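Participant: Can you read through this structure? Questions will come right after.
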């Protein structure tokens, strides 16, 4: 059974928002959640400085800031191999969330997008989901961030996985040649 | 061929689940909502100030508003980010529509001055709450339909 009690007191959270009223709103929500370790900054540059020097458990970042939006910030963070916060969950906060922006955020390595103004119930639900979910972190030339795959869909009858032949061979080891069999072929 | 690797990072957030005597989710949400309600007056004053800035744009000519569309969007966004938290949901929605139009301009090069002007006029109608709730919904729905008709992605 899932616990309905939460303890966020010792959670280290970075909040990034250029708008003072919005920053105040988010900070009050976190205080309501009993978070005692919040660092609030007002620009992407301050956020870069903050993540370079301290380990955070969660980052809440504004999607729209004049000196660099939260998507670009996350994209950079996910590619910093030595950053202590490279894999820290990032929640992107946006006043306007068209599908195109959500896809761009996902592809930059953002974990969750939440609409502004932040609803306490929604934000806490997302934080709880992140706490319960241990997603793998993927690093490739095209993408760095949490594994974007949520579904394991079975292949259709006419579709074949690229590794199908190798898997079939592994499933029937008696059909595989031993090293000595292979050596004999060339002997 | 490009290579990729995966690892499972430590989920430090999981520590929040170890709360035998901690507050319940309902208590945390209730406390957070109570705190945000206390900000209501300040947010309303902030929104009123920003609406005055936007209404000044409504009085300007088309070319000058277009030239400053990013400033218009910034102003609208600052409203949309907080308005609903002070029970100004309709104002927030109309402001969000302005953000959508400017983002569409940036990404697709589509701009409609008339549509922006209608949003600015609508904000003035919605800000004082004099419109009946049903009328407000009609206004917002018509604005949304107009944005869709000019190719703005919602």
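The values are calculated or read from the model by the stated rules, or taken from the named source; none is laboratory data. Just so it is clear, the model here is predicted, and its values are computed rather than measured. As a convention, Cβ positions derive from the backbone with ideal geometry for all residues, glycine included, and neighbour counts pool all protein chains shown.
Participant: Only residues that are more than 9 Å from chain B (Cβ to nearest Cβ) and either outside any strand (DSSP E or B) or buried (at least 19 other Cβ atoms within 10 Å of the Cβ) (or both): list them for the stretch A:28-37, please.
Facilitator: Once the filter is applied, which keeps residues that are more than 9 Å from chain B (Cβ to nearest Cβ) and either outside any strand (DSSP E or B) or buried (at least 19 other Cβ atoms within 10 Å of the Cβ) (or both), the stretch A:28-37 yields A:35, A:36.
Residue by residue, here is whether (1) farther than 27 Å from residue B:32 by Cβ; (2) surrounded by fewer than 21 Cβ atoms within 10 Å (Cβ to Cβ); (3) touching a strand residue (DSSP E or B) at 6+ places or on another chain (Cβ under 6 Å) holds:
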residue	(1), (2), (3)
A:79	yes, yes, yes
A:82	yes, yes, no
A:92	no, no, yes
A:104	yes, yes, no
A:110	no, no, yes
A:128	no, yes, no
A:131	no, no, no
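Participant: Would you confirm whether any residue within the stretch A:11-26 is surrounded by 15 or more Cβ atoms within 10 Å (Cβ to Cβ), in contact with a strand residue (DSSP E or B) (Cβ under 6 Å, 6 or more places away or on another chain), at the interface with chain B (Cβ under 10 Å from one of its Cβ atoms) and assigned to a loop (DSSP other than H, G, I, E, B)?
Facilitator: Yes, the conditions are met somewhere in the stretch A:11-26.
Participant: Here's a follow-up. Tell me the residue from B:48, B:76, B:85, B:95 that is surrounded by fewer than 18 Cβ atoms within 10 Å (Cβ to Cβ), touching a residue at least 12 places away in the same chain (Cβ under 8 Å) and under 16 Å from the mean Cα position of the chain (by Cα), please.
Facilitator: B:48 is the lone residue from the list that is surrounded by fewer than 18 Cβ atoms within 10 Å (Cβ to Cβ), touching a residue at least 12 places away in the same chain (Cβ under 8 Å) and under 16 Å from the mean Cα position of the chain (by Cα).
Participant: Is at least one residue of the stretch B:127-136 surrounded by fewer than 23 Cβ atoms within 10 Å (Cβ to Cβ) and within 14 Å of chain A (Cβ to nearest Cβ)?
Facilitator: No, the stretch B:127-136 contains no residue that is surrounded by fewer than 23 Cβ atoms within 10 Å (Cβ to Cβ) and within 14 Å of chain A (Cβ to nearest Cβ).
Participant: Tally time: how many residues in the stretch A:98-126 are more than 7 Å from chain B (Cβ to nearest Cβ) and in contact with a helix residue (DSSP H, G or I) (Cβ under 7 Å, 6 or more places away or on another chain)?
Facilitator: 11
Participant: Now, a different point. State yes or no: is residue A:87 surrounded by 22 or more Cβ atoms within 10 Å (Cβ to Cβ) and at pLDDT 95 or above?
Facilitator: When the stated conditions are applied, residue A:87 passes them.
Participant: So, restricting to helices (runs of 4 or more DSSP H) that lie completely within the stretch B:1-108, which ones have at least 2 residues that are facing chain A (nearest Cβ under 9 Å)?
Facilitator: Here the list reads B:25-38, B:40-58, B:69-80, B:89-108.
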